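See below for the structure under consideration.
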Amino acid sequence: MGFLTEDEIAALKPAPEAMFRSPVPTQVVASDEFSPIPQTPDQKRVEARIKDLADEIGAKQGLDRRRFLATASGMAAAFLAMNDVHGPLFGVTPAEAQQPDRAEARAAGLRDQFIMDVHTHFLREGTRLTGFVNMRQAVGRAGWNPALNPEEQSIQSLMYDNWFKEVFLDSDTKVALISGAPSDDERDWFLTNRMKFDARKRINDAAGTQRAMSHAIFTPGQPGWLEAVDRAIEELKPDSFKGYTIGDNTNKHLAQWPWRMDDEALMYPFYERLQRAGIVNVCVHKGLFPPQVEARFPRLLPHARVDDVGKAAKDWPGLNFVIYHSAYRFAGGGTAEQGLAQFEATGRVEWVSDLAEIPAKFGVTNVYGDLGQIFAQSTVVQPRLAAAMMGMLVKGLGASNVVWGTDAIWTGSPQWQIEALRRLEIPEDLQRRYGFEPLGPADGPVKTAIFGGNSARMYRYDARRAGLEDDGVVQARARYAAAGGERSNLAYGYVA
Ligand SMILES: [Zn+2]
């Protein structure tokens, strides 16, 4: 049994697009909760500029707007448009937009880049969490991902098959970690720990390599939670553990068991167990708690912040504490405009700045930031905010302590996020004013570390990388291309 049958692959081919879709989104969509944000004046200008460039350059190449935007040159044109509106934040030349060969050569040159995504999701069969379907529809409407036809999104889009396609076939991702989320209502766990284990096994057995890794979720304070951890270690051998300090992010009104990372009585026996089992990475969901959510659930606010990270990290130097979403506050119902306004007024962004200051304050080197949602929610709508936050994280945590995660598949295939980080640079005025180092080229040391080098080190993955060059996934990609090639990342230059 492989990943997908030929029929399944054929069924996944997207239908022709019916509407204008930009290779990069010109509207933003919220995470976790469905609350699409209206287009801002800047985003309207980006969209208009993309259309102009597409008509102008596309005509010279004999392509209509839609066809042009579906090429690697079209992708380049979209980043040119963003630079025109927001300033020169993305590395892209007019030549890439004008000369298809150049754009395609660039995409091909980066295709083998080692990208380890430590933050991906799909949902169990029979899930009640249909809000994520609405989110994908909104992503499609916003032009976030050209293959996300809003009319086609269904509950099946959130299941394993489509996750596999969007992560492994439609993007340059090489290794993906299957994450999850708990709820106090058992029916609303994204996946049980056993389901994550089974999916990891299915993929790795078919690949013959370790393409998939898996979290086990831990739920501090709940009756029997430490016994569940012991069982998970023994039976499932997770690559790392993940927990939610607010207890229940999915059904916040139910959350009966919020906790603190530095609660010695509650948490230290757990850390002790992990250390003994040789599991060194502790992943913790933080942030995604904008003022709009705080107003409804004020009692959970202290748990969404990062006040409890420093002491835990200092007391457990043998563990790595990976803070998911880098504690970015303004997603999950908030807006990048809120984040940017706060940054312009104060030079800080809640709670990214607070996270970035922990190593200096506590003298620790074992605190990490994951980029799930923080990058997707800011880089297109307010790329200056994205650049500032990348600068903060790299400066405060170190380039060695920022890890690539995309929160795919809530926003479709992660390829557009990969392309955006490859091109993003911190503007010179921010570099000077805040002492941020440049992020550098797509394959330079900083981005190489973030995309996969750091996670490979943390998960002791390096020895397993060689096999990825010719395994079952490489063969599946070849079959997928042969089956039609009309795939989600048409926009990124995969199809000649
Ligand atoms: Zn997530």
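Taken about its Cα centre, the range 180-285 carries a charge dipole of about 480 debye when Lys and Arg each add +1 at the Cβ and Asp and Glu each add -1 at the Cβ.
Note on the range 277-380: antiparallel DSSP beta bridges, both residues inside, total approximately 0 percent of the bridges counted. Looking at the range 55-112, the trypsin sites (Lys or Arg not before Pro) that sit in a DSSP loop and have at most 15 other Cβ atoms within 10 Å of their own Cβ are Arg111. Farthest toward the positive end of the dipole of the chain, out of His325, Pro427, Pro269, is the Cα of Pro427, where the dipole comes from beta carbon charges about the Cα centre. For the chain, averaging the sequence separation of C-alpha pairs within contact (under 8 Å, six or more residues apart) and dividing by the residue count gives a relative contact order of 20 percent.
Looking at the chain, send over the antiparallel percent of its DSSP beta bridges, to the nearest 5.
5
Dipole magnitude for the range 219-365: about 120 debye, using +1 per Lys or Arg Cβ and -1 per Asp or Glu Cβ, origin at the Cα centre. Considering only His285, Ser214, Gly452, and ranking their Cα positions along the charge dipole of the chain that arises from unit charges at the beta-carbon of Lys, Arg, Asp and Glu, the one farthest toward the positive end is Gly452. For the range 149-168, no residue has its backbone nitrogen under 13 Å from a point 7 Å from the Cα of Ala482, taken along Cα to Cβ. In the chain, the calculated helix contribution to ellipticity at 222 nm averages -12000 deg cm²/dmol per residue, counting -39,500 (n - 2.57) for every DSSP H run with n ≥ 4.
Throughout, read-outs are computed from the coordinates displayed, never taken from laboratory work. Predicted model only: the values in this text are computed from it and were never measured. Neighbour counts are summed over all protein chains in view; Cβ atoms, including those assigned to glycine, are modelled from backbone coordinates with ideal geometry.
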